[in-house]
Amino acid sequence: MDGQENEEPRRDRDGDTPAGRPRRFPPLRRPAAQRRDGRRQLGVRRAAVALAILVVTLAGVLAGVIAGGNVGTDIGPFHARLSVSPAANGGTTVDIPPLGSLLLDSHDGPTHLTVELGALDQGRVEALIDDPASLNRATQSAVDEVRDGVLRLGLRTVASAVLATLVLALLVFRNTRRAAWAGGLALLITAGSLGTAAATIRPQSIEEPRYEGLLVNAPAIVGDVQKIANDYTRYAEQLQRLLGNVTQLYTTVSALPVYEPEPGTTRVLHISDMHLNPAAWQLIRTVTEQFGIDVVIDTGDITDWGSEPEASYVGSISLLRKPYVYIRGNHDSNRTAAAVARQPNAIVLDNTTTTVAGLTIAGIGDPRFTPDKSTSPASGGINDPTADELITTGEKLAATVRSSPQPVNIALVHDPAAAGPLSGTCPLVLAGHTHRRQIEKLPEVPGQQPTTLMVEGSTGGAGLRGLEGEQPTPLTMTVLYFDQQKQLQAYDNITVGGTGQAQVNLERTVVTQPAAGPPAPVTPTPTR
């Protein structure tokens, strides 16, 4: 027994383990390089997922802000639209069609606020005019209305951005966890951006606005905001008169008893000499909509230098959605005319005729292309060679009118100096160029019909040239009313005070048609 107890256990052939016991191997270990590669690949995958979530989040926030970052609200007598958009430096833009914009350095952060003042609420304006005391109440309530509108805009923007991001993330990742991360990140980005704007708001920025459009000269005419604050009563009276003037565009026409357009009346809007004023387009669109215009006639000088970059200005023609008949002015080049012709609703006449809305219209472009300042109306008069050139142009158009298979209702020239040869060929000639509104009878031709010449002012306030005189050049346009026989029955002269001013006047004139005898002059019946 003792010998057996002292006997050593048997080992296998290799002498590693006792016989009968399972052999144990040391655990397998990956090399350190493989472990580092695995961790690196895992980090790259996580970074790629995080980057994808960030990209999807930014795209969703952008789409949500564009789609839902706007609200409508009432501010005083105006229907306004508030919108927010991504921006590098923040700030606020207040658009006041057709006068221009105020740019305010109101806040920091990557969000820009735009406040667009739209149509006037006629009922609220009339209430302000009838009760001057209500203007103070309206001013106080306007602050609350703006605050309420901005709050609703912020909530709507956050909700829209988060919702758009969630939908986009689910479509891209098809993973609720990643979509939740994207939604949370969108909430953080949107709320953080709006919060930054709210935290850095500068109320005093209203005292130092920058102006664009017709409001460029507003500080010189209206006075600075601090002065207005110190003399609020006087400002309130001015504001009350201004509101009354602006409202005339929308209320006066329906109240005029002297001429009621009958069914079948054709309404023509005559514009001229816009000279690149961007605010003119908003005014034209407003009048076109409010007056039910059937066709717009432009007697030239839509640009200033006729250059290629200016050609983009005519793109707003298509937004009118009405036939737009155009002739070239002396500030318009052939490239300008070609750019107008590319608009789907435009008709360019150059010693040709067209029939639009039942009216047969003939027109010819100005023979000159002289955009330098020496050709402006302010330079005074024209020399003999130029006068001969214009008369020859008028004679060419007169020949075209006489040869037209349809009687021509309206002839178009840019410079009224070319209108003389058209006397007796048609009842009405429209022109521009002088920047001064003028109406006269052309010298009659025996045995021919009388011809009226109507010269428009400047629908663009003569552009920068409108600032050369002591008083700014007003923006003007005329609405012409033609009966079913295409005879001129009445016209409305619309005048908006020159650059930096906001007074609006409308004057109606009824054309008397005598049963017999010599032609009677037009008889104005003004309304101011």
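Note down the net charge around Ala338, summing +1 for each Lys or Arg and -1 for each Asp or Glu among other residues with Cβ under 12 Å from its Cβ. Numbers along the way, then the final one.
Numbers: positive: Arg328, Arg335, Arg342; negative: Glu308, Asp332, Asp350.
Its environment carries a net charge of 0.
Put a dot 7 Å past each Cα toward the Cβ at Arg46 and Thr176; how far apart are the dots in nm?
Those two pseudo-labels are separated by 2.4 nm.
Taking one equal scatterer on every alpha-carbon of region 263-316, how large is log10 of I(q)/I(0) by Debye at q = 0.16, 0.17, 0.28 1/Å?
Each listed q corresponds, in turn, to -0.52, -0.57, -1.17.
So how much slack lies between Leu163 and Glu395, counting 0.36 nm per residue of separation and subtracting their Cα-Cα distance, in nm? Display every interim value, and only then the final one.
Working: separation 232, 0.36 × 232 = 83.52 nm, distance 6.72 nm.
Between Leu163 and Glu395, full extension yields 76.8 nm more.
Between Thr355 and His79, with labels modelled 7 Å along Cα→Cβ, what's the label distance in nm to one decimal, could you check?
3.8 nm
Can you bin region 320-372 into rounded, prolate or oblate? Criterion: square roots of the alpha carbon gyration tensor eigenvalues sorted a ≥ b ≥ c, rounded for a/c under 1.5, prolate for a/b above b/c, oblate for the rest. Could the numbers behind the result be given before it?
On the way: a/c = 2.77, a/b = 1.54, b/c = 1.80.
Oblate is the answer for region 320-372, as a/c is 1.5 or above yet b/c matches or exceeds a/b.
Distance in nm between label sites at Gln406 and Gln484, each 7 Å beyond Cα in the beta-carbon direction?
Distance between label points: 1.8 nm.
Just to verify a number: FRET efficiency for Ile66 and Lys441, C-beta to C-beta distance, R0 = 45 Å, to 0.05?
Details: r = 56 Å, r/R0 = 1.24.
The calculated FRET efficiency here is 0.20.
Since every read-out is calculated from the coordinates, none of them should be taken as a lab result. Because the structure is predicted, anything quoted here is derived from the model rather than measured. Positions of Cβ are backbone-derived with ideal geometry, glycine not excepted, and every protein chain shown enters the neighbour counts.
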